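The values are calculated or read from the model by the stated rules, or taken from the named source; none is laboratory data. Being a predicted model, the structure only gives us computed values, none of them experimental. Note that each Cβ is placed from the backbone with ideal geometry, even for glycine, and that neighbours are counted across all protein chains shown. Quick note on the areas: whole protein, heavy atoms, side chains included, nothing else; ligands and nucleic acids left out. Shrake-Rupley method; radii C 1.70, N 1.55, O 1.52, S 1.80 Å.
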Amino acid sequence: MLSQESLQQIDREIAKYPADQKQSAVMAALRIAQVEKGWLRKEVIEFVASYLGMPAIAAYEVASFYNMYDLEPVGRHKITVCTNLPCALSGGVHAADYVRKKLGIGFNETTPDGKFTLREGECMGACGDAPVLLVNNHHMCSWMTTEKIDQLLAELDKK
């Protein structure tokens with residue numbers, strides 16, 4: 001179900017916890033699986049749960065609770081815009097509107113070419129850097145003016 005490389009990464013995460021607490025690595029294991037597969041199908045979540053020796057429903061509860069996990073296919077570049085109050089007051093809503101207009105999609109939609117998915121996110125812990133965008137759960141972009149958004153989208157479009 002997962003590559004040997006992903007399983008080795010999960011094993012390194014498991015090793016951080018006591019032997020009888022393998023399930024403590026569930027968040028990391030789901031992230032590793034999602035990076036490999038692109039999103040978390042039910043079968044992938046069940047595999048991760050089995051690998052960690054925990055009930056599948058417990059792993060699913062984690063995957064469905066946190067917005068960093070995708071339970072359906074997403075575009076190659078998932079862009080999450082923080083619209084929580086501090087960001088909203090500092091241009092987050094404007095940034096979100098601008099990205100929606102540029103991509104021609106709304107929140108939780110993917111462009112027809114499959115390149116971009118747009119999500120609305122809660123606080124990312126960077127209120128002083130607002131407005132902020134998170135690309136593919138790993139790359140935070142701060143102080144996103146329309147010019148910076150144009151530059152980011154152009155760079156991502158080339159990838």
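For this structure, a couple of remarks:
- With contacts taken as Cα pairs under 8 Å and at least 6 residues apart, the range 53-124 reaches a relative contact order of 36 percent.
- Computed over the chain with a Gaussian network model linking Cα atoms closer than 10 Å, the most mobile of Arg12, Arg41, Arg31 is Arg12.
- Across the chain: Cys residues that no other cysteine approaches within a C-beta distance under 4.7 Å: Cys123, Cys127, Cys141
- Size descriptor, Kirkwood hydrodynamic radius, that averages inverse alpha-carbon separations across the chain, Å: 16.7 Å
- Acute angle (nearest 10 degrees) that the helix 92-103 long axis makes with the longest principal axis of the chain, alpha-carbon atoms: 90 degrees
- In degrees, nearest ten, helix 4-14 long axis to first principal axis of the chain (Cα): 80 degrees
- Calculated FRET value between His94 and His138, using beta carbons and R₀ = 22 Å, to 0.05: 0.35
- Two-site FRET efficiency, Glu109 against Asp157, from Cβ-Cβ distance with R₀ of 22 Å, rounded to 0.05: 0.85
- Per residue, the accessible area of the range 22-80 comes to 49 Å², computed with a 1.4 Å probe over protein heavy atoms only.
- Choice from Asp20, Asp129, Asp11 with maximal GNM fluctuation in the chain (Cα, 10 Å cutoff): Asp20
- Sulfur and carbon atoms: percent of accessible area, the range 20-89 [1.4 Å]: 56 percent
- Under 12 Å, Cβ to Cβ, from Arg41 - net charge with Lys/Arg +1 and Asp/Glu -1: -3
- Shown here for the range 103-159: chymotrypsin sites (Phe, Trp or Tyr not before Pro) in loop regions (DSSP other than H, G, I, E, B) with at most 15 other Cβ atoms within 10 Å, namely Phe107, Trp143.
- Rounded to the nearest 10 degrees, the inclination of helix 146-158 to the longest alpha-carbon principal axis of the chain is 50 degrees.
- Note: relative contact order over the range 1-105, using C-alpha pairs below 8 Å and six or more positions apart, is 20 percent.
- Solvent-accessible surface of the range 91-143, averaged per residue with a 1.4 angstrom probe and all protein chains in place: 51 square angstrom.
- Partners for Lys102 among lysines (Cα-Cα distance below 23 Å; same-chain residues under 8 apart left out): Lys78, Lys115, Lys148, Lys158, Lys159
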